[in-house]
Structures are given as structure tokens and as C-alpha cells.
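Here's the structure we're looking at; comments come further down.
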Amino acid sequence: MKLVFATNNLNKLKEVQEMLPESIELLSLKDIGCFEDIEETATTLEGNAQIKANHITNKYKYNCFADDTGLEVMALNGEPGVYSARYAGEPANAEKNMQKLLQNLNSNTKRDAHFKTSICLNLDGKQYLFNGICKGGILTEKKGEKGFGYDPIFQPEGYEKSFAEMSSEEKNKISHRGLAIKKLIDFLKTY
């Protein structure tokens, strides 16, 4: 089965590719000749995933899935949420995003947070949604060199290390994206 993953984020593409069974051929936006930036204008993660998946399905006629991920920090009323990728402004910059988040939390001791990934799958004319949530907290400083985005400052619940200190296999088992992708894969296996 051929499926387009509607993302330009090569880190995400690699992470998801490692998780899919060999029976699914994952195509990137570049593979199908899509070089435009698909605007994410929805106010929810689910809505942004739907916008991206629908754009690819409608314009390029491929079965497709898209995701949107947000980090929600309870002490900041759910910020950065749907604006996680561009929290510190344009262009998107992970280092600046982390610095802004740490500054906004400052000395706040309530650092509970969770990552949420929403996936929209358009398959054979039908649409399906899958969500994954990973609870944890925001560290006071960066730890680790692996991963991407907010990984160096996010410590999942029940672990003594950040996402950026974990191997991709370890992270994929517990991460928000890993959980959402597992739901997607389990669905595709029975399709």
C-alpha cells in the first residue's frame, strides 16, 4: 500500500518510517511533487491535520495521512498548543521556541505538560482520526542531544530522562506520535 505522509519535517518522516511495516510504502510530499507550504489555519490539532490531509487528497489524488502535534503546558493555559512549531514566531525555530517556553515558565514549580498528536487519514474516500498523548513535565534546562523540537526539555511521566536522551526506539514506544502512529498502523493492518 502506498501512503503519502503530508509533512516537510524530515525528522518526523524518518521517525514514522521506522515504525511502519514494510507492506506500507511511505511517500513524502517531495516524492509526489508537492512543494507548496500548506497553511495550518485551524484552531485545533485535529483541524490542522485534516487541512493537510485534505489538501493532498484533493489536489494530488493520493491516500494520505497528516499529523499535527502540540505541546500543552498546564501552567501556561495550554500554551504553546496548536502554535508549538512557531511559538517564538516565524520562521519556526526549535531553540527559540524552547527558550521562550522556559522564560514563560520561569520559576514556576508547576511544570506539568503533555504532548498530543492528532493524525488524519484519508483512505479510499473515507476519513479517520487517531490521537496519542504523552504526559510529562517541562525540565528547567535542556538535557540530551537526540530528537527534535521540544524533546530536550520534555521529560515523560515515569522516566528520569528527557525525550532527547532516549533512543528513537525507546521514544517511539511511549511518545505521543508513537501512540498515534500505533493506532494508525493497527487500523491499517485490519483494513
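Taking Cα atoms only, the orientation of helix 45-60 departs from the longest principal axis of the chain by about 30 degrees. A cut-off of 5 Å between modelled amide H atoms, ignoring neighbours fewer than 5 places along the same chain, links residue 142 with no other residue.
Between residue 60 and residue 160, the contour length at 0.36 nm per residue exceeds the alpha carbon distance by 31.6 nm.
Would you work out what percent of the accessible area of the chain, with all protein chains in place, is carbon or sulfur (probe 1.4 Å)? Here it works out to 48 percent. Charge dipole (Cα centre; +1 on Lys/Arg Cβ, -1 on Asp/Glu Cβ; no other charges) of segment 17-103 amounts to roughly 180 debye. Rank 74, 139, 94 by how far each Cα sits towards the positive end of the charge dipole of segment 64-143 (+1 on Lys, Arg Cβ; -1 on Asp, Glu Cβ) and give me just the farthest. Final value for the positive-end residue is 139.
The shape of segment 1-112 comes out prolate: with a ≥ b ≥ c from the C-alpha gyration tensor, a/c is at least 1.5 and a/b beats b/c.
If the segment from residue 135 to residue 74 were pulled out straight at 0.36 nm per residue, it would be longer than the present Cα-Cα gap by 20.9 nm. Rg and Dmax over the alpha-carbon atoms of the chain stand at 16.4, 50 Å. Considering only alpha-carbon pairs that sit under 8 angstrom and 6 or more positions apart, the relative contact order computed for the chain is 17 percent. For the chain, the longest principal axis of the alpha carbon atoms and the long axis of helix 176-190 meet at an angle near 20°.
With all protein chains kept in place, the per residue accessible area of the chain amounts to 53 square angstrom at a probe of 1.4 angstrom. Under the simplified labelling scheme, the residue 95-residue 23 pair shows an inter-label distance of 4.4 nm, with each label point 7 Å from Cα along Cα→Cβ.
Helix 94-105 and the longest principal axis of the Cα set of the chain meet at an angle near 40°.
Around the Cα centre of segment 51-191, unit charges on the Cβ atoms of Lys, Arg, Asp and Glu (plus for the first two, minus for the last two) sum to a dipole of about 340 debye.
The values are calculated or read from the model by the stated rules, or taken from the named source; none is laboratory data. Quick caveat: nothing in here was measured; it's all calculated off a predicted structure. Quick reminder, even Gly has a Cβ in these numbers, built from the backbone with ideal geometry, and neighbours come from all protein chains shown. Protein only, heavy atoms only, side chains kept; ligands, DNA and RNA dropped before computing areas. Shrake-Rupley method; radii C 1.70, N 1.55, O 1.52, S 1.80 Å.
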